[in-house]
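Heads up, the thing below is written out as structure tokens.
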Amino acid sequence: MAELPRTHPLEARATKENLPAAVGIAVEPYLAMADVRTGASGPEVTAALGAALPTAPNTWAQFGFGWAIWLGPDEWLITSTAEQPAQLAGRIRTAMLPFCAAVVDVSAQRITLRLTGDRARDVLAKGCAIDLHPRRFRRGDCAQTMLAQAGVVLLALSDSGDDYAVLVRSSFAGYLADWLADAALEFTTISSQE
């Protein structure tokens, strides 16, 4: 039986909104995502998975061709750009068999938006209550928070506050993409006057 092709609510949109270099909003291609719940996270798990799960709260780590995102003391979201959802979940499920882990394919649950540019942090600050200053929120940090009243997982992808990944539930993706584009308009005007 053939697997149905993956699509998402923002697929018809351009990959970049028509904004100046100060703010870029991109809709990322679908990521394979697996939610992993386990009480184990030591060297044995690292050996089984081929990469370490982050154990510090609110952090993420590179995980092959994706990310391992800490969601709680015994929960991680693992993503991959190189595998199909069923492959990722199956590979992790097999690796985690000795550790009594629950592994669930959640690929259809979230869409990834990428926010880049000098004013990316300013745009996010309009709808997010956490401190995003690079002294507090730098590459390797993540947060489960609200952005414009939508629940998101926010990842800092740089140390300078100019590159973020925003994982948002699929049902809120269109709303949040529109909100981000609207929040960035202020910087469009500023940039065109300079």
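The values are calculated or read from the model by the stated rules, or taken from the named source; none is laboratory data. This is a predicted model, so every value here is computed, not measured. Neighbour counts run over all protein chains shown; Cβ positions are idealised from the backbone, glycine included. We work out accessible area using only protein heavy atoms, side chains counted, and drop any ligands, DNA or RNA first. Shrake-Rupley method; radii C 1.70, N 1.55, O 1.52, S 1.80 Å.
A few points about this structure:
- Distance between the pseudo-spin-label points of residue 84 and residue 135 (7 Å out from Cα toward the beta carbon): 5.0 nm.
- Using distinct alpha-carbon pairs, which all enter the 1/r mean, Kirkwood radius of region 114-194 in Å: 12.8 Å
- Take the Cα of residue 74, step 7 Å toward its Cβ, do the same at residue 149, and the gap between the two points is 3.5 nm.
- Cleavage-rule hits (trypsin sites (Lys or Arg not before Pro)) in region 65-160: DSSP loop, at most 16 neighbouring Cβ within 10 angstrom: 126, 135, 136, 138, 139
- Put simply, the amide H of residue 66, placed in the peptide plane, has neighbours under 5 Å in 81, leaving out anything fewer than 5 places away on its chain.
- The mean accessible area for residues of region 65-194, using a 1.4 Å probe and ignoring ligands and nucleic acids, is 46 Å² per residue.
- Solvent-accessible area, 1.4 Å probe, carbon plus sulfur percent, for region 23-127: 55 percent
- The listed residues 175, 164, 30 rank as 175, 30, 164 when sorted by accessible area, largest first, using a 1.4 Å probe.
- Secondary-structure-derived ellipticity at 222 nm for the chain, considering helices only, amounts to -7000 deg cm²/dmol, per-run term -39500 (n - 2.57) for DSSP H runs with n ≥ 4.
- Enclosing the Cα atoms of region 37-125 in their convex hull gives a volume equal to 114 cubic angstrom per residue.
- Binned Cα-Cα distances of region 49-98, short to long, each 10 Å bin given as a whole percent: 27, 56, 17
- Here the Kirkwood formula, the inverse mean of 1/r across different C-alpha pairs, assigns the chain a hydrodynamic radius of 17.4 Å.
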